[in-house]
Amino acid sequence: MDQALIIEKGIFIVAVFAITMLMAMYSTLAERKIAAWLQDRIGPNRAGKGGILQPLADGLKLFAKEEFFPNTPNKFLFVVGPAISMSMALMTSAVIPWGDRLEIFGRTVILQATDIDVALLYVFGVLSVSVYGIMIGGWASNNKFSLMSAMRASSQMISYEVAMGLSIIALLMMTGTLSLREIAAQQHGMDWNVFYQPVGFLIFLVCSFAETNRTPFDLAECEAELIGGYHTEYSSMKMGFYLFAEYASMFISSTILVVLYFGGYNYPGMDWVEANWGVNPANIIGIAVLFAKLCFFIFFYMWVRWTVPRFRYDQLMRLGWKTLIPLAIANIIITGVVILLADNA
Amino acid sequence: MITTLFYILSAITLATAFLTILSKNPIHSAIYLVLCFFSIAGHYLMFNAQFLAIVHIIVYSGAIMILMLFTIMLMNLNKEDEKNKSVLSRIAAVVSFCLVALVLLATFIKAEPQMSRYYASGEDYQSIKVLGQVLLNDYMVPFEFASVLLLVSMIGAVLLSKKEYING
């Protein structure tokens, strides 16, 4: 491998990491601002102009807080829990295509950290491992409320992973590839997958809410019954990591939603722009389009959070196992029949 | 460099496997087993078997071990509750494991590597395209049998959980 490629990928990975962190940081501010807007308040506006420095102030506060350890025999696992959550939230970004390509100094730079053959399975692998962060943290807290809440959160994540995987299978039957780069490239222009797989998209969307532990599925943080959720015993930056991981995974799951169903970096008229203005402007607009789409989904996450009340636990399980999974299987069968008929016609 | 990596990974695999057996706390055992599975996935990656590595992580670390941890955490096993198994069942376990190991060893010795025909054509035999075609063309029947087996065990699990309602 030549050195230029390593440097190029290195810079790209650091940039993606920085952008993920920045987006997660400002998602916290956006959440509070949107909550305020929906409830007819002003929201945080003291730190900086219009509250723009609020995330920095929050971060500083979390760093300055006391590091509290509960009376637990598993101090090591207690620290490992938030570390797993955070690193798993950041690892998925490695396979996401942020754009098609840029031409810098005569080199063609592919805007993706790595294009592996099994990118989509990699995403699911990381997703299934991220359950450990919650489970280990909740158990190591040595607190029965933390444990109960960790159990709830992880059983919810496992249940909805099944429906999520099944909803993706219908998409895979159409695209015929697991590589996110090829899936994005197939949706050139306005040929987005959401027009062919609306049911699959809805199932995937609902499951994404459950996977990121967001309202209406945030039973893990049911304050009335379970104090503060699986991170009850956590303080300082360790709790900050759990909260931050939630926002980072919200950003990443919005990106995956956009790449899988909403065309990723594709926009109508991109051929015209590329022919008339050149490759770089076309792709920079593409990246901007991708970010505009994913910002909409982040807003959608927050919009739902401040609109819909929380489900009861049995309702959540019934929705997952008795509605979404049969629906996803029916979707697979119908997709299969339609593909078969289309091939024979 | 690959050799060094192999030794490091093997050391991790063996150490975590032993710690799984030796640690007193069942949850620590389960976590060591998870680490062991991860290092085995690392071995698969060194063979460039990306699909196998990822599926290994999804199935073993992501599904089986999580359910195992779940059960252990909910049952809240303590050292006092742990029953000592009788000598007979211990011997039976060792003998049956040795038999399984014998069968596996025999299969691997007798097995004929299929890679050579892909070396000639230069096709990437680790890619999911080739893997899927081989699985559904050449090994269709065993593949279907495996899926029927999974279905039967799934129905069995549902039936077991409903048993009390049938009796009562």
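Note the angle between two axes, namely the Cα long axis of helix B:87-110 and the longest principal axis of the Cα atoms of chain B, as a number of degrees from 0 to 90, rounded to the nearest 10.
Between helix and principal axis, roughly 10 degrees.
Please compute one quarter of the surface area of the Cα convex hull for region A:61-344 and express it in square nanometres. Please report the intermediate quantities before stating the final value.
Details: hull surface 69.9 nm².
Dividing the Cα hull surface by four gives the mean projection, 17.5 nm².
Please give me, ordered by residue number, the trypsin sites (Lys or Arg not before Pro) of region A:27-129 that lie in loop per DSSP and have at most 11 other Cβ atoms within 10 Å.
Passing sites in region A:27-129 are A:R41, A:R46.
Compute the Cα gyration tensor for region A:224-316, then decide on rounded, prolate or oblate, letting a ≥ b ≥ c be the square roots of its eigenvalues: rounded whenever a/c is under 1.5, prolate when a/b is larger than b/c in the other cases, and oblate in all that remain. Before the final figure, lay out each step's value.
Working: a/c = 4.30, a/b = 2.32, b/c = 1.85.
Judged from the Cα gyration tensor, region A:224-316 comes out prolate (a/c at least 1.5, a/b above b/c).
In nm, to one decimal, how far is the modelled label at A:A275 from the one at A:A4, with both set 7 Å along Cα→Cβ?
Taking the simple label geometry, A:A275 and A:A4 are separated by 3.0 nm.
Calculate one ³J(HN,Hα) per residue across region A:188-199 by plugging θ = phi - 60° into the Karplus curve 6.51 cos²θ - 1.76 cosθ + 1.60, and present them in order as whole Hz with x for glycine and proline.
Result, ordered by residue: 4, x, 10, 7, 6, 5, 5, 6, 9, 10, x, 5 Hz.
With charges only on Cβ, +1 for K and R and -1 for D and E, what is the dipole size of chain B about its Cα centre, in debye, rounded to 20?
Dipole size: approximately 400 debye.
Name the residue farthest towards the positive end of the dipole of the protein assembly as shown from the options A:V279, A:G176, A:S85, assuming +1 on Cβ of Lys and Arg, -1 on Cβ of Asp and Glu, about the Cα centre.
Value computed over the given set: A:S85.
How many Cβ atoms of partner chains, on average, are near each residue of A:153-160 if near means within 10 Å of its Cβ?
2
Report the convex hull volume per residue for region A:48-115, counting only C-alpha atoms, in Å³. Don't skip to the answer; put the middle values down first.
On the way: hull volume 12.1 nm³, N = 68.
Here the figure is 178 Å³ per residue.
Using DSSP loop states and a limit of at most 10 other Cβ atoms within 10 Å to flag GluC sites (Glu not before Pro), what is the longest stretch of chain B containing no flagged site?
Of all site-free stretches, the longest is B:83-168.
Of the residues A:V126, A:V14, A:V95, which exhibits the maximal mean-square fluctuation in a Gaussian network model of chain A defined by a 10 Å Cα contact cut-off?
The residue with the greatest mean-square fluctuation here is A:V14.
Report, in deg cm²/dmol and to the nearest 500, the calculated mean residue ellipticity at 222 nm for chain A, where each DSSP H run with n ≥ 4 adds -39500 (n - 2.57) and the sum is divided by the residue count.
-22500 deg cm²/dmol
For an R0 of 35 angstrom, estimate the FRET efficiency from the Cβ-Cβ distance between B:N48 and A:L202 and round to the nearest 0.05.
E(calc), rounded to 0.05, equals 0.40.
Label 7 Å along Cα→Cβ of B:K129; region A:177-191 residues with amide nitrogen under 12 Å?
Backbone N within reach: A:177-179.
Return one number: the angle in degrees, 0 to 90 and rounded to the nearest 10, between the long axis of the Cα atoms of helix B:2-22 and the longest principal axis of the Cα atoms of chain B.
20 degrees
Loop only per DSSP, at most 14 neighbouring Cβ atoms within 10 Å: give me the chymotrypsin sites (Phe, Trp or Tyr not before Pro) in region B:1-80, ordered by residue number.
Answer in residue order: B:F47.
Take the alpha carbon gyration tensor of region A:9-153, find the square roots of its eigenvalues, order them as a ≥ b ≥ c, and report rounded if a/c is under 1.5; if not, report prolate when a/b exceeds b/c, else oblate.
oblate
Over the protein assembly as shown, what lengths in whole Å, largest first, do the semi-axes of the equivalent ellipsoid take, defined as the square roots of 5 times the eigenvalues of the alpha-carbon gyration tensor? Working shown, then result.
Numbers: eigenvalues 270, 219, 124 Å².
Value: 37, 33, 25 Å, ordered largest first.
Please return the longest range in chain A lying between exposed loop sites, taking GluC sites (Glu not before Pro), DSSP loop only, at most 11 other beta-carbon atoms within 10 Å, and leaving the sites out.
Looking at chain A, A:68-345 is the longest stretch - no exposed GluC sites (Glu not before Pro) with at most 11 other Cβ atoms within 10 Å.
Which percent of the Cα-Cα distances in region B:1-107 go past 25 Å?
Pairs farther apart than 25 Å: 34 percent.
Counting other Cβ atoms within 10 Å, which trypsin sites (Lys or Arg not before Pro) in region A:247-334 have at most 13 and lie in a DSSP loop?
Sparse-neighbourhood loop trypsin sites (Lys or Arg not before Pro): A:R312.
Going Cα to Cα from A:K33, which lysines come in below 16 Å? Please leave out same-chain ones fewer than 8 positions away.
Result set, ordered by chain and number: A:K49.
GNM, chain A, Cα, under 10 Å: largest mean-square fluctuation among A:Q186, A:Q39, A:Q112?
Of A:Q186, A:Q39, A:Q112, the Gaussian network model singles out A:Q39 as fluctuating most.
Calculate how steeply helix B:65-75 sits against the longest principal axis of the alpha-carbon atoms of chain B, using the helix alpha-carbon long axis, and give the answer as 0 to 90 degrees to the nearest 10.
0 degrees
With a ≥ b ≥ c taken as the square roots of the eigenvalues of the C-alpha gyration tensor of region A:290-345, please select rounded if a/c is under 1.5 and otherwise prolate if a/b is larger than b/c or oblate if it is not?
Oblate, because a/c is 1.5 or more while a/b does not exceed b/c.
Using only Cα atoms, locate the centre of region A:162-221 and the centre of region A:234-307, then give the distance between them in Å, rounded to an integer.
Between the Cα centres of region A:162-221 and region A:234-307 lies a distance of 14 Å.
A:H188 to B:I21: FRET efficiency via 1/(1 + (r/R0)^6), r the Cβ-Cβ distance, R0 60 Å, to the nearest 0.05?
0.65
As an exercise, use a Förster radius of 30 Å and the Cβ-Cβ distance of A:R312 and A:K65 to find the FRET efficiency, rounded to the nearest 0.05.
0.35
Within 10 Å of each Cβ of A:72-80, how many other protein chain Cβ atoms are there on average? Mind dumping the intermediate values first?
Details: counts 0, 1, 4, 0, 0, 3, 0, 0, 1.
Per residue, the average neighbour count from other chains is 1.
No lab work stands behind these numbers, since they all come straight from the coordinates. All values reported here derive from a predicted model rather than from experimental measurement. No Cβ is skipped: glycine too gets one built from the backbone with ideal geometry, and neighbour counts run over all protein chains shown.
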